[in-house]
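Q: A single structure is presented below for examination.
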Amino acid sequence: MAIRKQNMLIRWIATLLLALSLTACSVLEGTPQPAPPLTDAPQEIQRNQTQGLQRMGSVTVLERGSPSDSEAALRAKAVAAGADYYVIVLNDETIVPGQWYAQAILYRK
């Protein structure tokens, strides 16, 4: 009898955890937001602001220094490509200390 109650409790907890984890996925998704107004220089936006924008391609950089140096290099490549917006997908230190690899997706209105 005690084993049966224990199995029922485990099933109930497993069902609850599954339901909670599935609802948590929608929190990470984010609701679509409009992109900010255009300016002279490309602007960094979030993934949920890309609705209605045309994807131009992606750029990557490999920079020595800090994460902000790799972000500045991505911004420079976005300017060179004539993009209106860009989303930084990855900015991570490589196996070499002080060397950063970054990737961004470019968009235009």
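Q: For residues in segment 55-92 being touching a residue at least 24 places away in the same chain (Cβ under 8 Å), assigned to a strand (DSSP E or B) and in contact with a Pro (Cβ under 9 Å, 6 or more places away or on another chain), which is farthest from Ala35 (Cα to Cα)? Break it down stepwise before answering.
A: So the first thing to find is which residues in segment 55-92 are touching a residue at least 24 places away in the same chain (Cβ under 8 Å), and the list is 55-67, 69-71, 73-75, 77-79, 81-89, 91.
After this cut, where a residue has to be assigned to a strand (DSSP E or B) as well, the list is 55-64, 85-89, 91.
Checking the rest, the ones that are also in contact with a Pro (Cβ under 9 Å, 6 or more places away or on another chain) come to 85-86, 91.
On the way: Tyr85: 8, Tyr86: 11, Asn91: 22 Å.
The extreme case among them is Asn91.
Q: In segment 1-39, what residues are of a type in the set (Val, Ile, Thr), at pLDDT 85 or above and closer than 30 Å to Ala83 by Cα?
A: Within segment 1-39, just Thr39 meets the criteria.
The values are calculated or read from the model by the stated rules, or taken from the named source; none is laboratory data. What you see is a predicted model, and the numbers here were worked out from it, not measured in a lab. Positions of Cβ are generated from backbone atoms using ideal geometry, with glycine treated the same way; all protein chains shown enter the neighbour counts.
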